[in-house]
Each structure stands twice: as structure tokens, then as C-alpha cells.
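Participant: Can you read through this structure? Questions will come right after.
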Amino acid sequence: MERPDAERYHQHIAALPGGELVVASRQWLRAAGRETWARVTLSLPDPEHLACPNLFDADCVMLPPGSTIQVTKEEQYLEHLVDLLDRYGTEMVVAASLRSATEVRPRSTVDLVAVDIDGQQVGVLSATQTANFLPLVKRAEAEGRRIFCRASLRGNTLKADVALHARKAHELDEAELRVVFAFRADG
């Protein structure tokens, strides 16, 4: 990144939880003889779109950025999602909270992770992704805290998509878990 761009982005990235940002990139590498050439291209939003515009609890658990996880069943919450799109824009990064939920089915019940933005549900994680996040959610809930992560919100009045950007339970080692659960947004 050129120095002027780095200066524009620095304060915005430093203000993120943990000062970390994970973005899509394209890498190119070529070797010929004893020479090696490489290029990395980052896909960065504008600096002002890096921070979440909505508020989250001061005493929360904030997951570090990680892979992209698609939220499911957004169509059931389209009215709230359209309101969020009107408020924050048609393509924005927001803070999403995760909580455990039980879905009652005709012959059984299923534990899921529900995804909320601004206090209202916007979808749930698939069974596979629930298994990846439920241990983190349960630990936060056992401590009486809510768990948050970054989420992409994009769409229009016909279709809206929510995707989380967070590390899964198995991707955090014990030292990282201590840091994540010790974090307090208020200092």
C-alpha cells in the first residue's frame, strides 16, 4: 500500500477490535531462475466503512475477524433488513450479535445460533456453522455477556444478504480465547 493510502487507513484499522482487519485479496507469484516476482492486491472498502456504525455492548465478547460465513433464512426478516439497509446503506459492515436459540420442529428441537443486528434477528447460522460458533456463544452467555462480530449487510428491498466475518471456535487457541473473553469495549 502506498504511504498516503496507508496513512488514510491507519487510524480506521487501529480503531477496530484488536486492530485487525481481514479482507479478500489476490496474490500473484512468478519465479524464473533465481528471480521471484510477487504482487498482492487487497480489496478494501473506503476507510470510513471499516468501523461498524451501529453500537454494541461495552461489556461484550468481540470475535476477531476471520472467514466469511453466510447467514441463512434472511428472507424471513426482510422487513428489518430493509430498515437496516435504509439506515446504514446498501453495502455496509455492521456489528452483529450471536445468541443461542432453539428451533421447535414437528418431532424435535434443534439448537441454532441466531444472528441479530440492532437487537432484532436477521437470520440463523446453518447447522454446520452453528456447530462452529455455539461453543463461543454458550461461553459468553454463561458469563452473562453478548458476543459480537463484524458482518456485511448488502441488498435492496427485494433481497438482502448478511455474512459474518469471524473466527470460529476451533480457530482460536487457548491464549486467543483468554484475550477474546478478557476484552472489554470500554477499556
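Participant: State which residue is nearest to SER97 (Cα to Cα) when the search covers only the range 127-183 and only residues that are under 16 Å from the mean Cα position of the chain (by Cα) and acidic (Asp, Glu).
Facilitator: ASP161
Participant: In the range 57-64, is there at least one residue being over 26 Å from ARG8 (Cα atoms), outside the structural domain of ARG8 (by TED's automatic domain parsing), part of a strand (DSSP E or B) and not acidic (Asp, Glu)?
Facilitator: Yes, some residue in the range 57-64 is over 26 Å from ARG8 (Cα atoms), outside the structural domain of ARG8 (by TED's automatic domain parsing), part of a strand (DSSP E or B) and not acidic (Asp, Glu).
Participant: Among the listed residues ALA175, ALA140, ALA160, which satisfies the condition of being out of contact with any Cys (no Cβ under 6 Å at 6 or more places or on another chain) and surrounded by fewer than 16 Cβ atoms within 10 Å (Cβ to Cβ)?
Facilitator: Working: ALA140 fails: surrounded by fewer than 16 Cβ atoms within 10 Å (Cβ to Cβ); ALA160 fails: surrounded by fewer than 16 Cβ atoms within 10 Å (Cβ to Cβ).
ALA175 is the lone residue from the list that is out of contact with any Cys (no Cβ under 6 Å at 6 or more places or on another chain) and surrounded by fewer than 16 Cβ atoms within 10 Å (Cβ to Cβ).
Participant: I'm told PHE183 meets every condition in (1) at pLDDT 90 or above; (2) more than 20 Å from ASP118 (Cα to Cα); (3) aromatic (Phe, Trp, Tyr) except one. Can you identify the failing condition by its number?
Facilitator: Here PHE183 meets the rest and fails (1).
Participant: Related question: From the list VAL180, VAL137, exactly one residue is in a helix (DSSP H, G or I), farther than 29 Å from LEU78 by Cα and touching a Leu at 6+ places or on another chain (Cβ under 7 Å). Which is it? I'd like the intermediate steps shown before the answer.
Facilitator: Details: VAL137 fails: farther than 29 Å from LEU78 by Cα.
Of VAL180, VAL137, the one residue that is in a helix (DSSP H, G or I), farther than 29 Å from LEU78 by Cα and touching a Leu at 6+ places or on another chain (Cβ under 7 Å) is VAL180.
Participant: Related question: Residue by residue through the range 93-119, note down the ones that are within 16 Å of the chain's Cα centre (by Cα) and under 16 Å from GLU74 (Cβ atoms). Step through it out loud before you land on a result.
Facilitator: First, pick out the residues of the range 93-119 that are within 16 Å of the chain's Cα centre (by Cα): 93-99, 113-119.
Selection gives VAL94, ALA96, SER97, LEU98, VAL113, ALA114, VAL115, ASP116, ILE117, ASP118.
Participant: Follow-up question, since we're still on this one. I'm trying to understand the selection: among the residues of the range 146-158, which are out of contact with any helix residue (DSSP H, G or I) (no Cβ under 8 Å at 6 or more places or on another chain) and in a loop (DSSP other than H, G, I, E, B)?
Facilitator: Result: LEU158, single match.
Participant: A follow-up question, please. Of everything in the range 127-137, what is closer than 17 Å to THR109 by Cβ and either in contact (Cβ under 8 Å) with a residue 60 or more places away in the chain or surrounded by 16 or more Cβ atoms within 10 Å (Cβ to Cβ) (or both)? Give them in sequence order. Walk me through it before giving the result.
Facilitator: Taking the range 127-137 first, the residues closer than 17 Å to THR109 by Cβ are 127, 130-131, 134, 137.
Answer for the range 127-137, where residues must be closer than 17 Å to THR109 by Cβ and either in contact (Cβ under 8 Å) with a residue 60 or more places away in the chain or surrounded by 16 or more Cβ atoms within 10 Å (Cβ to Cβ) (or both): THR130, LEU134, VAL137.
Participant: Working carefully through the options VAL110, VAL124, find the one that is in contact with a helix residue (DSSP H, G or I) (Cβ under 8 Å, 6 or more places away or on another chain) and at pLDDT 95 or above. I'd like the intermediate steps shown before the answer.
Facilitator: Details: VAL110 fails: at pLDDT 95 or above.
Result of the check over VAL110, VAL124: VAL124.
The values are calculated or read from the model by the stated rules, or taken from the named source; none is laboratory data. None of the values given here were measured: they were computed from a predicted structure. Every residue, glycine among them, receives a Cβ derived from its backbone with ideal geometry; neighbour counts consider all protein chains shown.
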